[in-house]
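Here is the structure we will look at.
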Amino acid sequence: MQVVRMEITGMSCGHCVAAVSRVLEAVDGVSSARVELGAATVSFDGDRANVRQLEQAVADEGYVVVATR
């Protein structure tokens, strides 16, 4: 299991948090996504998902990942 922390801009309310949570949890291989305003911590199976897929899911929802650790 891998864990990544993403800094995300553009989130301003609970709806934003819910939207980002939904898209991250929909990525195959993600076991959990804890999202708060401005950030997300995601646990995922590195054999089924990668950081690029997570970043793309957030971008496709209209938010910007400014840093991933």
> Given only helices, namely DSSP H runs of n ≥ 4 each adding -39500 (n - 2.57), what is the per-residue ellipticity at 222 nm of the chain, to the nearest 500 deg cm²/dmol?
Replying inline: -9500 deg cm²/dmol
> Over the chain, what number does the Rg to Rh ratio reach, with both radii from the alpha-carbon atoms and Rh per Kirkwood?
Replying inline: 0.92
> Relative to the Cα centre, what is the charge dipole magnitude of the stretch 2-68, using +1 at the beta carbon of each Lys and Arg, -1 at the beta carbon of each Asp and Glu, and rounding to the nearest 20 debye?
Replying inline: 100 debye
>> Loop only by DSSP, 13 or fewer other Cβ within 10 Å of the Cβ. Give me the trypsin sites (Lys or Arg not before Pro) in the stretch 8-49 that pass, ordered by residue number.
In response: Arg48
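Throughout, read-outs are computed from the coordinates displayed, never taken from laboratory work. What you see is a predicted model, and the numbers here were worked out from it, not measured in a lab. Cβ atoms come from the backbone with ideal geometry, glycine included; neighbour counts cover every protein chain shown.
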